[in-house]
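Chemist: There's a structure below that I have some questions on.
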Amino acid sequence: LLPFDSAPVVRGRVTLATGVPSGVYARYGDLLKDDLARDSPALDVRLTRSEGSVDNLRKLMAGEANFAIATADAVAAYLDGHGRDADRLRACARLYDDYMQLIVPKGSPVGSARDLGKLRVGVGEDGSGVQLITRRLLEAAGLDFERDITPVRVGIDQMPRLLAEGKIDAFFWSGGLPTAAVQNLALRSPIRLVQLGDLTGPLHRLGAKARYYRAAVMPVDAYPELHATHAVKTIAVANLLVTTDRTDEALAESVTRTVIRSRDRIGVEVHAAQKVDLRTAVFTDPLPLHDGARRYYLSVKP
């Protein structure tokens, strides 16, 4: 059990930017909205769909959202690129890790991202975190994103159908484990996950822009529907709940509290959310904690 803490009363309207339909961000946002409604009944919580991490940061800084989910590498790219009001970005929590997944038909000869040359590849929408990572992975694999593959710029809401219909040869996805859209695809089409472990070294040799990626392993039971016989090496990147310094301290504190305390409830449906942890939530590099989030963590510190 988490330490007891009392929540400030917050009211008004807030908007959370999530992601594409059928993605983990979208489902996590749906469930978090329900828990916020329970914990803060005077708060009117709205969700806005998006193309993913990069688009979420744009929405946040344009005032179209008060909170957003974004990967640490997308946040770092925004900071390094001196995006609009970048110095105003703050984090409430480190959430769960996204795992990079390369999905192909079971009979495909592709055994590495290096084998994707001349193929039609789903790469995520232009405002997505998956496309950001895909570009870097292909660079590490020695492939040019525009010239060496045919990039199909669609999200997880469309890529599984296109693969099943033979309209693309492979697709990349960056999400928590498991992702429902991949599970559902596996139930109707024979597919497999391609290892990305051979790119860990080349990826890190790209320098600072790859500093938020870590070597990871997708366990055999990540997708029981695949009937896999061995774990798959890949890379992972942390997700952050992001806001700005314009957000009221009491509101940021209240939202952070719900994120932490709802872990087990949300984790029943979004297994990745089980990784949300009070001990690791404060590690929000490259962003500082919002003062309200810090206040919450201090209030429950043993």
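Chemist: Which pairs turn up if I take residues in the stretch 200-219 that are touching a residue at least 12 places away in the same chain (Cβ under 8 Å) and look for partners that are surrounded by 14 or more Cβ atoms within 10 Å (Cβ to Cβ) and of a type in the set (Asp, Glu) with beta carbon separation below 6 Å, at least 6 apart in sequence or on another chain?
Modeler: Sorted first by the residue in the stretch 200-219, then by its partner, the pairs are Tyr212/Asp73.
Chemist: Is there any pair linking a residue in the stretch 127-147 that is touching a residue at least 12 places away in the same chain (Cβ under 8 Å) and assigned to a loop (DSSP other than H, G, I, E, B) to one that is surrounded by fewer than 23 Cβ atoms within 10 Å (Cβ to Cβ) and of a type in the set (Lys, Arg), with Cβ under 9 Å and at least six apart or on different chains, and which?
Modeler: From residues that are touching a residue at least 12 places away in the same chain (Cβ under 8 Å) and assigned to a loop (DSSP other than H, G, I, E, B), the pairs are Gly127/Arg58; Ser128/Arg153; Ala141/Arg114; Gly142/Arg114; Leu143/Arg114; Phe145/Arg135.
Chemist: For the stretch 62-75, name all the residues that are surrounded by fewer than 19 Cβ atoms within 10 Å (Cβ to Cβ) and either in contact with a Pro (Cβ under 9 Å, 6 or more places away or on another chain) or in contact (Cβ under 8 Å) with a residue 40 or more places away in the chain (or both). Spell out the reasoning first.
Modeler: So the first thing to find is which residues in the stretch 62-75 are surrounded by fewer than 19 Cβ atoms within 10 Å (Cβ to Cβ), and the list is 62-64.
Selection gives Glu64 alone.
Chemist: Here's something else I'd like to know. Tell me, please, whether a residue that is more than 29 Å from Thr18 (Cβ to Cβ), without any contact (Cβ under 8 Å) to a residue 60 or more places away in the chain and basic (Lys, Arg) can be found in the stretch 108-118.
Modeler: Yes, there is a match, as at least one residue in the stretch 108-118 is more than 29 Å from Thr18 (Cβ to Cβ), without any contact (Cβ under 8 Å) to a residue 60 or more places away in the chain and basic (Lys, Arg).
Chemist: Give the number of residues within the stretch 157-206 that are touching a helix residue (DSSP H, G or I) at 6+ places or on another chain (Cβ under 7 Å), buried (at least 18 other Cβ atoms within 10 Å of the Cβ) and part of a loop (DSSP other than H, G, I, E, B).
Modeler: Residues meeting the conditions: 6.
Chemist: Being open to solvent by 30 Å² or more (accessible area, probe 1.4 Å) and either more than 13 Å from Arg90 (Cα to Cα) or in a loop (DSSP other than H, G, I, E, B) (or both) is true for just one of Thr258, Thr280. Which residue is that? Give the steps one after another, and end with the answer.
Modeler: Working: Thr258 fails: open to solvent by 30 Å² or more (accessible area, probe 1.4 Å).
So the residue among Thr258, Thr280 that is open to solvent by 30 Å² or more (accessible area, probe 1.4 Å) and either more than 13 Å from Arg90 (Cα to Cα) or in a loop (DSSP other than H, G, I, E, B) (or both) is Thr280.
Chemist: Against the definition (among the acidic types (Asp, Glu), closer than 22 Å to Glu125 by Cα, at pLDDT below 95 and open to solvent by 10 Å² or more (accessible area, probe 1.4 Å)), how does Glu51 come out, yes or no?
Modeler: yes
Chemist: For the stretch 223-237, enumerate the residues that are closer than 16 Å to Gly175 by Cβ and either open to solvent by 70 Å² or more (accessible area, probe 1.4 Å) or in contact (Cβ under 8 Å) with a residue 60 or more places away in the chain (or both). Quick ask: steps written out before the conclusion?
Modeler: Residues of the stretch 223-237 closer than 16 Å to Gly175 by Cβ: 223, 225-226, 232, 234-237.
Listed by number, the residues that qualify are Thr234, Ile235, Ala236, Val237.
Chemist: Keeping to the stretch 81-114, report how many residues are closer than 16 Å to Leu132 by Cα, of a type in the set (Asp, Glu) and either at pLDDT 95 or above or crowded, with 23+ Cβ neighbours inside 10 Å (or both). Steps first, answer last, please.
Modeler: Residues of the stretch 81-114 that are closer than 16 Å to Leu132 by Cα, as a first pass: 81, 83, 97-102, 113.
Within this subset, residues satisfying the condition of being of a type in the set (Asp, Glu) are 97-98.
Okay, now just the ones that are also either at pLDDT 95 or above or crowded, with 23+ Cβ neighbours inside 10 Å (or both), so 98.
Here the count works out to 1.
Chemist: Run down Thr244, Thr284, Thr258, Thr234 and say which single residue is in contact with an Asp or Glu (Cβ under 6 Å, 6 or more places away or on another chain) and polar (S, T, N, Q). Lay out the reasoning, then the answer.
Modeler: Details: Thr244 fails: in contact with an Asp or Glu (Cβ under 6 Å, 6 or more places away or on another chain); Thr284 fails: in contact with an Asp or Glu (Cβ under 6 Å, 6 or more places away or on another chain); Thr234 fails: in contact with an Asp or Glu (Cβ under 6 Å, 6 or more places away or on another chain).
Of the residues listed, the single one that is in contact with an Asp or Glu (Cβ under 6 Å, 6 or more places away or on another chain) and polar (S, T, N, Q) is Thr258.
Chemist: Still on this structure, please answer the following. Filter the stretch 207-255 for residues that are touching a Pro at 6+ places or on another chain (Cβ under 8 Å), more than 27 Å from Ala62 (Cα to Cα) and in a loop (DSSP other than H, G, I, E, B) and give the result. Give the steps one after another, and end with the answer.
Modeler: We begin by selecting, within the stretch 207-255, every residue touching a Pro at 6+ places or on another chain (Cβ under 8 Å); these are 212, 222-223, 231, 250, 253-254.
Those still in the list that are more than 27 Å from Ala62 (Cα to Cα) too: 222-223, 231.
Across the stretch 207-255, the qualifying residues are Tyr223, Ala231.
Chemist: Can you pull out every residue in the stretch 283-302 that is among the charged types (D, E, K, R), outside any helix (DSSP H, G or I) and over 20 Å from the mean Cα position of the chain (by Cα)?
Modeler: Of the stretch 283-302, the ones among the charged types (D, E, K, R) are 285, 291, 294-295, 301.
Those still in the list that are outside any helix (DSSP H, G or I) too: 285, 301.
If the condition is that a residue be among the charged types (D, E, K, R), outside any helix (DSSP H, G or I) and over 20 Å from the mean Cα position of the chain (by Cα), then Lys301 is the only one that fits.
Chemist: Taking the stretch 130-156 as the search range and keeping residues that are touching a Phe, Trp or Tyr at 6+ places or on another chain (Cβ under 7 Å) and within 17 Å of Ile235 (Cβ to Cβ), which one is most open to solvent (accessible area, probe 1.4 Å)?
Modeler: Applying the first criterion (touching a Phe, Trp or Tyr at 6+ places or on another chain (Cβ under 7 Å)) to the stretch 130-156 yields 130, 134-135, 138, 151, 156.
With the extra rule that they be within 17 Å of Ile235 (Cβ to Cβ), the set shrinks to 130, 134-135, 138.
Values: Val130: 9, Thr134: 0, Arg135: 89, Leu138: 1 Å².
Among residues in the stretch 130-156 that are touching a Phe, Trp or Tyr at 6+ places or on another chain (Cβ under 7 Å) and within 17 Å of Ile235 (Cβ to Cβ), the one most open to solvent (accessible area, probe 1.4 Å) is Arg135.
Chemist: Another one. In the stretch 266-273, is there at least one residue being in contact (Cβ under 8 Å) with a residue 40 or more places away in the chain and assigned to a loop (DSSP other than H, G, I, E, B)? Spell out how you get there, then give the answer.
Modeler: First, the residues of the stretch 266-273 that are in contact (Cβ under 8 Å) with a residue 40 or more places away in the chain: 266, 269-273.
So of that shortlist, the ones also assigned to a loop (DSSP other than H, G, I, E, B) come out as 269-270.
Yes, the stretch 266-273 has at least one match.
The values are calculated or read from the model by the stated rules, or taken from the named source; none is laboratory data. As the structure is a computational prediction, the values presented were derived from the model and not from experiment. For neighbour counting, all protein chains shown are included, and Cβ atoms are generated from backbone atoms with ideal geometry for every residue, glycine included. Heads up: the accessible areas ignore ligands, DNA and RNA and are worked out on the full protein's heavy atoms, side chains in. Shrake-Rupley method; radii C 1.70, N 1.55, O 1.52, S 1.80 Å.
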